[in-house]
1. When Lys and Arg each count +1 and Asp and Glu each count -1, what net charge do the other residues less than 14 Å away from residue 224, Cβ to Cβ, add up to?
2. Just flag the GluC sites (Glu not before Pro) in the stretch 193-289 sitting in loop per DSSP whose Cβ has no more than 15 other Cβ atoms within 10 Å.
3. Identify, among 19, 9, 56, the residue whose Cα sits farthest towards the positive end of the charge dipole of the stretch 5-58, taking +1 on the Cβ of Lys and Arg and -1 on the Cβ of Asp and Glu, with the dipole about the Cα centre.
4. Between 258, 190, 270, whose Cα lies farthest towards the positive end of the dipole of the stretch 65-328 when Lys and Arg beta carbons carry +1 and Asp and Glu beta carbons carry -1, centred on the Cα centre?
5. Please report the base-10 log of the normalised intensity I(q)/I(0) for the stretch 65-328, using a Debye sum with one equal scatterer per alpha carbon and no solvent, at each q in 0.10, 0.17 (1/Å).
6. With a cap of 15 neighbouring Cβ atoms within 10 Å, and only residues DSSP puts in a loop, list the GluC sites (Glu not before Pro) found in the stretch 84-159.
7. Hey, could you grab the Kirkwood Rh for the stretch 170-229? Inverse mean 1/r over distinct alpha carbon pairs, Å, one decimal.
8. How big is the gap, in Å, between the Cα center of the stretch 156-215 and the Cα center of the stretch 59-107?
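Rule-based calculations on the coordinates, nothing more; no lab input. None of the values given here were measured: they were computed from a predicted structure. Neighbour counts are summed over all protein chains in view; Cβ atoms, including those assigned to glycine, are modelled from backbone coordinates with ideal geometry.
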Amino acid sequence: MKKSLKDLSYEEIQDWATAKGLKAFVGRQIFRWMFDKKVSSASEMRNVSKPVRDLVDKSGDIKLLETEKHEKSPDDSTEKFLFRCRDGQAVETVLIRSPRRNTLCISSQVGCALGCVFCRTADMGFIRDLSSGEMAEQFIQASRISGEHITNVVFMGMGEPFRNYDASIRAAVVLNHEKGPNIAARRITLSTSGIVPRIREFAQLPYQFKLAISLNAGDNAKRNLLMPVNRRYPLPGLLEAAKHYTDVSNRHVTFEYVLIRDLNDGPEDAEALKNRLTSIPCKLNVIPFNETGGGLERPSDSDVKRFLSYLENVNFAVTLRNSGGRGIHAACGQLYHEGKTP
Ligand code: SF4
């Protein structure tokens, strides 16, 4: 598919302008219109001359996604968007409101190859990577449609961002850019299922982006069952990489733990977490499984409470996160577009 101007970085768009015989500042103006003012077409770029607007038009679409579906949870705390890409593929994006922040969960791939057993996206298989522009565009469209000031972004929707590493980092850099959406780097989180070499690479980045790891088991054999990626990158090496990230970056890592009834909610599961995580500066988010069919079950409220009680007195923070938008199937690893992909 043809690259869009939206796929370019701040620097590249200035290079594009100079290659067209324009001043670099014109490139900066265009970047601003696209990512700060969030326009969908060149015709909305008011302080840009007509010949430049024509050049932008000739360069291809800058609106990369069409909104196909927009649902709100009954309590208004969550909004889910189904966006259609230019090639007909579709991705989901979820906005989760809480009193202190509005968090947008964006997708990095159409489908996913990694086959986690609790994940609806896995059922689609891998279709394709999203471009950085398509990732940034999810933010732009969700901001426009919801009218919300989005304060946080998590790469935790469909796909494994570290299997589409360069585009995901590029999108994070654009979202962080002060001439664009200007979201603080510490409010941008990339979440991985455990692609160890990329975690080590991520630790070296000159940005304060945060890292989340979808953990789901503190026992290697159990994690093999839940997340096939663990066979390639087993738990001990993954946790070493997580520790490396915290040492190098001086930041905590967040572990996500989708709690599934009778699968990873027992005292031995909590004990394994205690043993594994004690030496890593981290926090653990426990997310009760969002039942979406497929035979796995959500633990009851008392099961959840009991599991959390096993983790009292650990030396890391443990937070219970409700799988936001339970009614509209919005949660980590549980996004799946129910519309058909042509
Ligand atoms: S949980 Fe994440 S990594 Fe695992 S299959 Fe789903 S999208 Fe892929």
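1. Around residue 224, the charge tally is +3.
2. Those that pass, being in a loop and sparsely packed, number zero.
3. Sorting the options by dipole projection puts first 56.
4. Value computed over the given set: 190.
5. For the requested q values the scattering log ratios are -0.47, -1.50.
6. Here the sparse-neighbourhood loop sites are 148.
7. On the way: mean 1/r = 0.0766 Å⁻¹.
Computed over Cα pairs of the stretch 170-229, the Kirkwood hydrodynamic radius comes out at 13.1 Å.
8. If you average the Cα positions of each part, the centres end up 19 Å apart.
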